[in-house]
Every structure is written in C-alpha cells, then in structure tokens.
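For reference, the structure discussed in these notes is given below.
The values are calculated or read from the model by the stated rules, or taken from the named source; none is laboratory data. Quick caveat: nothing in here was measured; it's all calculated off a predicted structure. Quick reminder, even Gly has a Cβ in these numbers, built from the backbone with ideal geometry, and neighbours come from all protein chains shown. Side chains are part of the model used for accessible areas, which takes the heavy atoms of the whole protein and leaves out ligands, DNA and RNA. Shrake-Rupley method; radii C 1.70, N 1.55, O 1.52, S 1.80 Å.
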Amino acid sequence: MAKVQQVGLLAAGCQPWNKDVCAASGDRFAYCATLAIYIYQLDQQYNQFKLRSIMSEHKKTITAISWCPDNPDLFASASADNLLIIWNVAEKKAVARLDNTKGVPVSVSWCWNSADGLAFVSQRGPLYIWAYRGSDPGVTVHKEAHSFLSDICLFRWHPTKKGKLVFGHTDGSLSIFQPGSKSQKHVLRPESLEGTDEEDPVSALEWDLLSTDYLLVSNLHNGVRLVDSEALVCITSFCFPSAAASVQCLAWVPSAPGMFITGDSQVGVLRVWNVSRSTPLDSFKLKKTGFHALHVLNSSPAKKAQTSCSPSKSQHTSSTSEAVPPPTLSQNRSFSLPPGHAVCCFMDGGVGLYDMGAKKWDFLRDLGHVETIFDCKFKPDDPNLLATASFDGTIKIWDTNTLTAVSTSPGNEGVVYSLSWAPGDLNCIAGATSRNGAFIWDVRKGKIITRFNEHGKNGIFCISWSHKDSKRIATCSGDGFCIVRTIDGKILHKYKHPAAVFGCDWSQNNKDMIATGCEDKNVRVYYLATSSDQPLKVFTGHSAKVFHVRWSPLREGILCSGSDDGTVRIWDYTQDACINVLSGHTAPVRGLMWNTEVPYLLISGSWDYTIRVWDTRDGTCLDTVYDHGADVYGLTCHQNRPFTMASCSRDSTVRLWSLTPLVSPLLLNILTQQPWEKIIGNTDTAMVPGSPPLLCGKVSRDIKQELDKLSGDVRAKKLRWFSECFSPPGGSSNLWDLVFVINGQDDSLLPASYSKGVMHMKHLVKFKTSEAQELTIVKMSKFGGGIGAPSKEERLKEAADIHLRLGQIQRYCELMVELGQWEKALSVAPGVSMKYWKKLMQRRADQLMAEDNDDAIPFCIATGDIKKLVTFFSSRGQLLEALLIAQGACEGNIRSPPMFSVNHTLNDVDNREQYQSILQNVCKELAEWFFRDGCSVLAACCHLAVDDLQLGMASLIRGNELELAACVGLVLGEAANQSTAYCLELLARKYMTMPTWELSADLLGMIPDNHILLAKLCAFYPGSAAEIDQLHDRCGLPPMEECKALADEAMNDGDLFSAVKLLLLSAEPEHALHIGINYVKEQLSGPDWTVDSVHPVLDLMSYIRTDRLTMAQQTEARSELLILCGYIGGLLAIRMNYSSIVPALYEYTSQLLKRREVCVPLKIEQLSVELDAWRSCTQTKSTPPSEGQREEFSCLETRIQPTEPAVLVLCGADYVTGSNLPSHSDLQLSCFTGHRIQGPVYFLEDNKSSISLNDALMWAKVNPFSPLGTGVRINPF
C-alpha cells in the first residue's frame, strides 16, 4: 500500500498564449495550462465548482480545446507536437488520438454537420476534417478552405447554418465559406487597414446565435465590429471609452438576445454591450490584470430548489391588499445583468466563474503558474508559506493551509529556475533566472531591491542563501562559475568549473562549506575560509551530468547528488567515498530532499514523472509516487512540519504529501507512552539497518525540552505538539485549539490564527464582532432603481400622496411597493401595525431571495426570521454564513420584534432551543461539506465547535485519521471514551503485522474491557508455539495447551462464544470453525435472527491464523466462513450506509456460492431479491419500489437494527484526505465498478487488482476478508 499520501493540490493557472484555452458545457468548465487540461464540475449539493479531473497526455504546449456541442462528455484538445486527442470526460480517458496533424493545430472545432467530425487548421490551412468514428475513419481536406494568403488565428462553424464557417486572419481579414455560395476570402478588413500592409490579427470571432449572417469580430487594435457575412458590410463599430482599451475575447450571452460581453486585455474590465448601441451598457472591474479568454455557460448552473415560504391565503394583488408577494419580477432587475455565468481567464493565469446576474464570483482561482514550476521552498519561520519559482517568469507565495495564493513577484523575470528564502524572518526571496541574472525580492515591500549580474546573460540554475550567515548568497551558472557574494553585491569567491554548474548547497553544519554539481559529472566541495579557489574534494562516479546536491541536515559530512544517469549517490566527505548508489529512476534526477528528523530518509524526483522515497541505510526504495503528470523538479519540507512535503513539476502543479505513514509507529509510541528512547534518538542509533525510525532533528528535541520544563500532567501537551508536527496542514492546529477550549483552557492562550479557522460557538460572535469593528468602512453597492412608463409612475405617485394626506397609510405603502420604493413603504408601515410591517418586510425578503439577492439579509434579521435566512444561505452553499446567523440567534442577538408589550421570557427560552437546534444542523451541514471535500479534520472541527464530541471523533475515524483521532480522544477524556476505544481497536488491527505486534497489544491494553480484543490478537498471531505462549502471557490469557480443555468446559456449560474463542487460542484453532459455523448456519435457518446475534461469532472466527484457514483440508470451512462473512458484511454495510460497497459484497457472496461446494442456508436468488429491494428503497429513482420490495426491505431493516444505537454515529461512507484530488498519471480501475479510481488506491494481495482506499476501509470494517476470496484478511487502515 502507498506509504506517501497526497494531501493537497495547487492547480495550475490558465495559459495566456493560445486563443481557445477555455471551454464549458452544461455544469462543467475546462481550461488548460501548458500541458494539462483542468476540468471543474458543479457539485449540485453545495452549489460549488470542484476540480474533477486533470487530463494530461500532451507532451508539448496545448494549443486549443473544444467541447462537443452534441455530447457533453466529449471534448477535444490539440497540441504543439501535432497531436489531437478526443477525451471522454466522464470516464476520464482518451477515446481517440490523431498523431500527425501535418502542422500545429491553432484552432479546433467540432463539425456542426456531424458529431463524429472534428475540424482543425494550422497556420495557412487547409482545413482538415477528422472523422474519428464510423465505418471510414480518416482525415479529409475541406474542398474550399485552403490556399490562404495570411495565417489563420481561429475559425468558427455556424451553430445552426449547416456547413457555414468563418476564418479570422493575422492581417485582420475574414474568410467566409458556405455550401452553395461563392467563397469569400480575405474580406472585411477593418477600414483603417485597407490599402496597407499592416497586420491587426483577429482576436475573437463569434456568430450571432439568432441570425445566419451576423458575426461579432474583434481585432487586436481596431476593436469590435458587428459584420454581415452575406452583404460583406460592417453594421456597427463599437466604441470603447478610451484608446487604451483593447479586446482579446468576447462572448454572446445566450440568455439575453443581442447582448454580448468583452474582456479588456489591459485591465480586468468586463464590459456589457447590446448590438443596438455602440457604447457599453455597463462595465465592471473584476481584476487588476487583463482578460485572456471568456466563455459564457449556456445554461446557468442549477441552484438547489429554493424552499419558498409564501403565505397560502388569498392572493389578491390590488394596491390595498394585505402584504403578499407580488407575482411579477422585481423592478430592480431591469437594469441588472442577464443571468449567466462567464468563465473568465486572465493574463496572470487566474481563472474564475463569474455570476453576471448576482455580480459575484461563484468560483475564483486567483493567480496560478501556467508553466513548469522549477523550485519550491517553505519560508524558514512559517511552515504555512510556500514559495514557487516558474518558467512563466514569476515567484508566487502560497498559504498551504488554505491552498491559495498570497502574493506574486512584481513584473516578469523571464524564466525563474531557482529560489531561496532569506534566513529567519527577513521576508526576502532570492531568485535566479535564465537570462536576467539573479535578484532579491522584498516580499513585504512588494518590489525587487537588488540585482546581481556577474554571470552576464548566462542562465543561473541555482541560487542558495546561506542560513548560517545571512549576508552570503551563492549562485551557479552555465558559464561554469559558482559565485559567492554578500547581499550588497561584493564578490567573496568565484569558483571556476570546467563546464556548466547546475546545483549548489551550503553545508548545514559548517557555515564555510559549499558543494556543487557540475556538467562534467563531478561533485565538488569548497571551503570558504581559505583563499584558494580549488575544491577541497572532488567526488567522481556519476556517468552523466550532476544536477542538484544536498547536504544531510542530521549527519555531518554526508551529502547526496542527483544525476542525468538516473541515480542518486550518497557521499561521505570524511571517508572521501561514495557510500551508496540509489538506482530505480528511469530518467534524469532533479528534486532531492533529506528528511529533517529521520536521518536515513531521502526523497528524489525525476523526469520519469515519479517521486521515490529511499531508506539510505540499505538503499531500498520504500515507496514510488506516480501522481505528477510530468517531470518532478522541486521537493521541500519545513523543519517544524517535517513529514509534510511539497513537490513541483513541469505539469504546473504543486502537490502536498504526508510522509507520516512512513514513520507511523513513532506517533503510536508517543500515544502508548513508550520510553523516550523509542521516540527520540541520536543519528548513529537511527542509522542501524532495519531498526525502527527515531526522531533526531531540532523540532523533536525542542518539544522534549519544552515538556521537561512543564510540571504536572504533560500528556495532553505532548500528544498535541507531536501530533501537530506529524500532521499535514489543513486543520490539525484548529482541531487542537478546539479540544483545549472544550477542556476549559483560558481564552487568552488561544493563538492569533484561531479566529481565522473554525471557532467554538462561544467565541464566534465575540471574534466576528471585533473583526467587524476593524472593518468599519464598508462600501455598499446598490442596483439601479425601478424603471417604468414615467406617466404611469407620476400618476401613482400623485395618488400615493393623496392617500398619505388622508391618513390611509396602508394604501400609500402598497402604492410605494408598486413603484419599487420599498424603503419609503417600510419606513411608514409601523404606522399601520407592527404585524403589517413585519409582513411587508417578509414579502420584500422573499422577493429578494427569489432573485438570489443578498439584500434580503437585513430584512430577515430585522424580523427575526432565522429559519428562512439559514435556508437561504444553505441552499446557496454558503454554510459559513448560515453558521454565523444561527450562532447570532443562539446568543440572543437576533430575535423577533415584539408585537405586544408582554413578558416574553418563556417565548425566548423556546426560541433559544429552536435556534440551538438550527445551529447544530448548520454545523452538521458545514461538517459534511468539509468532509465531502476531503477535509475530515475540518469536519471534526465543525462538530467540536458545538461540543458534539461523538460526531467530531466519527469524522476523524471515517476520514481514517486514526492516529490523530486517538490523540484527540485521549485528551478529551471520558466524554469521547467509546470513540477512542473503537479508534484504538482499528489502530491495533493496522499494526497486527511483523514487527509491530507488541505495539498492537499496547494499544489494546489502553482499552477498558479488552479481554476479547486481546484474544483476537493472540488468535491471529503467526509466531512459533513459544512466541505465541509468550504473547498469551503478556495479554493475560492461558497457555495454548490449557485452552483446549477450557474450551470443552465452556462447551459443556453451553457458552459457545467462549468455546470458539478458546479453541482459536489452542494448538488446533480449526476446530473453532466447525462449532462456530454450525451455530451461525442454525441461526440463519430460523426466522428471528438478527445481524447482532451472529456477527460477534463470525468476527471472532475471522481472526483464525491465515496459514490455518488456507490449508487444503479447510477448503469447505473456509468457503462457508467467507460466504457468511460476505453476506453479514453486506447487511452491516446497509446498516452503516456504505452504499458504494453493498452491491460488491452481495456480488462477492453470490460468486462464492456459485463457485464453491458448500452447504449454507443462503440462496443466490434471495440475495438478488434483497439487493433489488435495497436499491429501490434507498436510491432515488423514477420508479417507486413495489409492495414486495418494501416488505423485503423492512424485513432487512429489522435484521440490521443495532442493539447499541451508539454505533450509528459512525454511519456514512469513509472519505480519506486526498480522495478528491485527481492524479495525473497513475490511473487504476476499480475491480468493484470498472471505473477509474479518484484519490488513493488500495492494491489487493495479488498486487494487480485494486479498489479505492475508501471502499477498502469500509469493506474491512464490515468484512475482514479480501474481495478476491482467498481467505486473506485485508488491512487498509
């Protein structure tokens, strides 16, 4: 099983160099970075776009993408290596490839006359049509579209007029073709270009959806025109507000005929136009950087159905009626934008989905690298800040907790190969470029403060800021020099090499020692304290150029080097020798990283797309990671969070990994309170081959020192500090803050970061209030007022004034409402009655909510309509907002205005209870949202915030964060006892392997009432007779010989369970099977059995030693045990809501029944009846279940009813961290479903078959035996 777990992904931005780089269809949109296509899909439940897949089979720049108009699952892409691919998005795979497109396709488009045809064109044409399906696949040439006089920028088929198409050229002209008409080549150039040779490329072309002839064209310098393709005339030239405005992209808005939008390529201004006017209707600035591409989604993403609370009384809408919602759309829609969603791509790689009607971002991924990322490094004094350097000319800084960009370096530096943070808190980054020397960027000031040009125009491949002496910076370059200078530019040393120098690294133990990697295949070590420019040592051995070198942070004199020969070599400076060669990569090695706590762990990244983890004691590769889709360049970790690694790649992504599984026994040694020598050691002890991992670095020593200073019970602090050091970012600190708040810690000890995460409900309003006081200046934007025929308006106004003078306030209010002047109506409504005012307020709120308008919020708050407001926010997926409202109500800040002056204390208590339950529900919903997003730790935070310890622990267990859950459970104490015990039991199962059996016994020893659990452990232990007796003794169980006689006694006493248990512990455990299986078969033959009456015996028998179970003479008993465990497992899966594995368990049981000679009271037909009943009663389908199916399912429900309702807290599918992160390259199909597995994969014992880790975890919790039917227990924990 993979030992390195992917826990975070920073997606690439959208490339700014080709035209058709974003596309959309239905509820999906896509954009492409240089080498990969990112596909986002709307999550209907939470109304939010999520990254669904990354398509990366192109090896060179992607030039265009296009979505099939007829089939939303098909999608085409073209790239600079003359390759066209057609993808099936739903199945995440390529369905057709065309390898030689005779030129680089600049534009591709599906043929409107046939769904099977894809048209593409390169510079001067001709237009090729690729029929990739059907009886005669092949490429044909368009009869007329060839021999152009100017390069083609892009082309578009007409969406309705068959076969009609237009090309845009670099000289600014258009070429138009349609069947049966004369083709028009190079027409309609902008007037100002006529008769000149000037070029003004066509930057966008879109046919008018409602006409066969009209077409919008934009030229880079000459702006936007509406042209008639038949009459060949320009109908309208659109005027921009300034000469500086330039347009590269435009799109029609399908929901509003005649309306289109343009994106300004200089600044991020979106302009809205109507073809009837030459000036824009509206414009708004969405971003500082210019637009690159725009695409409007045809159908706006479906919102969850709003639950409207309209009164059911008589619906008169006369101007004097009681306040009821008017059926018309409100006036304040008249000037607002049409409903529509625009996919916006910006010049800086930013990508967003803008809701034009509501004027807000539905999704925004601000900033993003669009090219290879060569280097990444954590900020020395902050493990949450990661800097990345890229081919796109920028260095960007990311917050790894929220996975968002924090800042980007000013300007474009060409290609940035390497970066190095200044030591400590200096807040500067040094960068090295391909042609522009090196520079220092002061992050706080946001500007470049120094430049170094000693290498001239030669590329600088590596820059390294000395962390022992903050005044020195080293660079190495293609000119063969490694230069060490002070930060103000004074050269200290210039070390000449015989060829280009690619890497350099300062020794972590000696501030005057630096190592270099050179093209001449050698590694050199220089000593700065001498004036000599000759190396102290030269290490030879690599057979190709050496790229990076890295000194070990924990072992003095040890360094490693990565080379184009595909190996990593470990050198010992003190012995002058290569002490190990690590072979396994199949391409040049680039990334290199030593772990800062475990001295033998080394990680390398390569051009073979993989990351490998090495044990340098004996050179074994502990794990290989295949998730990147291209060369892996940079690897880094922070010493305060040594088991979280970041990697960067040519696929333009940064990924975060947890290395904790490589050293997991360490955290359990802390958990089970082992002596310090099993946790912290010196490097010599840790380097003994085969010995368990030990912590030898700074952070573990610091924690131990801090603990030694404390008095009293330090266990809570010890568990917290070590757990935070082992856990990846993304909520573990937040979780521990909440645990300590629940345990009564003083608020003054909370860190500053606490208020940015999930807060405990008692703090939420307090912290948010102080935040609001800081944000005193709030700009309010208001939509335009209503418009209507002025004469009618004036008449109504006059009438209203008369009503008012006559004291008929209600009529005045209704007329004001009709005029859209709600403020006036509401300000005098209390003059009628508070009841009327409240109704009017509710009516206004309903109307604004129907429009999805945030202005509804104050109306609900003033009338105390909490439920409506929480529903409004929840339905839009804004769960954090809903949470804030619910908590405000609970604290009594939001209440209904009094209608009469009477004592309301009783009412307040009722309301408070109602608000509490609303608050609990919102927290649950928010937790579920985090959980489904692969953030089980944040989900647990939401539950702990309302003191729901059971559900908080359940989230961690269902997310398989078992070590963290056990630590948290132990600190929370008695309230979490039951969950902690289950968690420790699962952990004990995880470690029931060599060499950690003792750890397993220690974990079970922490559970009260653990007798049966210890018996299971001993029964499964595969040692020699003497070793087994030793374990029995340790667990307080009788020796093996005695067990048989004790079993007979139990049998005579009628205690079958104890008899089975004792037989399993005896020398002949197979006797237990016959007794146990017969008992279960008897039970199942009767009418009234339940799952809980047979499962304990089955579960006990499943712990028989594997070698005994798989013996040939046990074939029948084994088959019967597997079938019974499979069937009962299926029922348990129904109880636990593990719906993804219920069909697989039933299918597995049926297959075993078919293939094996057995005698069990189960029939295949009955199994399929049960499965159908479950499907029709639990899964939403159009056909309701039949009467028979209802009866069958109700019988199932009776059987699976648990005797202890507490187990149901853990109901719901397991979903581990990283389940939602797409892999680039390692694609496995699930043997349950046949579909591609998203997220972590679990390989079964044949090392070929695989299922998702989530399915494996759920399977193991209800049926311990492998889905392959071999009798081997699976251990995915």
Under a 1.4 Å probe, counting only protein heavy atoms, Lys185 has an accessible area in Å², nearest 10, of 70
Under 5 Å, built H, 5+ apart or other chain: amide partners of Ala204: Ser218
How long are the semi-axes of the equivalent ellipsoid of the chain, defined as square roots of 5 times the Cα gyration tensor eigenvalues? Whole Å, largest first. 53, 45, 34
Among the listed pairs Lys766/Lys924; Lys447/Lys511; Lys468/Lys717; Lys288/Lys360, give every one whose C-alpha distance is greater than 20 Å. Lys766/Lys924; Lys447/Lys511; Lys468/Lys717
In whole Å, what is the distance between the alpha-carbon centres of the stretch 435-453 and the stretch 273-291? 36
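Going down the table (Lys457/Lys490; Lys60/Lys143; Lys19/Lys59), which pairs top 23 Å between alpha carbons?
Values: Lys457/Lys490 19 Å; Lys60/Lys143 30 Å; Lys19/Lys59 19 Å.
In this structure, Lys60/Lys143 lie more than 23 Å apart at Cα.
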Could you compute the net charge surrounding His943? Neighbours are other residues with a C-beta less than 14 Å from the C-beta of His943; K and R count +1, D and E count -1. -3
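Helix check for the chain. Which DSSP H runs span at least 18 Å along their own axis by Cα, with a mean Kyte-Doolittle hydropathy no less than 0.0? Each step should come with its number before you reach the end.
On the way: long enough: 761-774 (21 Å, -0.89); 790-805 (23 Å, -1.29); 834-850 (24 Å, -0.97); 905-932 (40 Å, -0.75); 977-990 (20 Å, -0.30); 1040-1052 (19 Å, -0.45); 1070-1085 (23 Å, -0.26); 1115-1135 (30 Å, 0.89); 1142-1155 (20 Å, -0.26); 1164-1178 (21 Å, -0.07); 1187-1200 (20 Å, -1.06).
Helices meeting the span and hydropathy rule in the chain are 1115-1135.
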Proximal aspartates and glutamates relative to Lys161, as straight alpha-carbon distance under 14 Å, when same-chain residues fewer than 8 apart are discounted: Glu206, Asp208, Asp213, Glu230
Inter-part gap, Cα centre of the stretch 242-257 to Cα centre of the stretch 1243-1277, in whole angstrom, is 55
Using a simple charge model, +1 on the beta-carbon of Lys and Arg, -1 on the beta-carbon of Asp and Glu, nothing else, what dipole does the stretch 664-746 show about its Cα centre, in debye to the nearest 20? 100
Which of the lysines could be linked to Lys990 by a straight reach, that is with a Cα gap under 20 Å, when you skip same-chain ones fewer than 8 residues away? Lys3, Lys678, Lys1016, Lys1261
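What is the packing order of peptides 520-530, 1059-1069, taking the mean over residues of other C-beta atoms within 10 Å and listing the highest first?
Sorting 520-530, 1059-1069 by mean packing, highest first, produces 1059-1069, 520-530.
How large, in percent, is the carbon and sulfur part of the accessible surface of the stretch 664-746 at a probe radius of 1.4 Å?
On the way: 1790 of 3590 Å².
Here it works out to 50 percent.
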Give the carbon-plus-sulfur fraction of the accessible surface of the stretch 108-223 in %, rounded to a whole number; probe 1.4 Å, heavy atoms of protein chains only. 49
Computed [θ] at 222 nm, helices only, for the chain once each DSSP H run of length n ≥ 4 contributes -39500 (n - 2.57): -9000 deg cm²/dmol
When we measure straight from the Cα of Lys445, which aspartates and glutamates land under 19 angstrom away, once same-chain ones fewer than 8 places off are left out? Asp381, Asp382, Asp399, Glu413, Asp425, Asp488
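Can you classify the stretch 12-147 as rounded, prolate or oblate using the Cα gyration tensor, where a ≥ b ≥ c are the square roots of its eigenvalues, rounded means a/c under 1.5, and otherwise it's prolate if a/b beats b/c and oblate if not? Each step should come with its number before you reach the end.
Values: a/c = 2.04, a/b = 1.52, b/c = 1.35.
Judged from the Cα gyration tensor, the stretch 12-147 comes out prolate (a/c at least 1.5, a/b above b/c).
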Residues with amide H under 5 Å from that of Lys287, placed H, sequence gap 5 or more: Gly268
Could you please state, rounded to a whole Å, how far the C-alpha centre of the stretch 172-208 is from the C-alpha centre of the stretch 626-692? 60
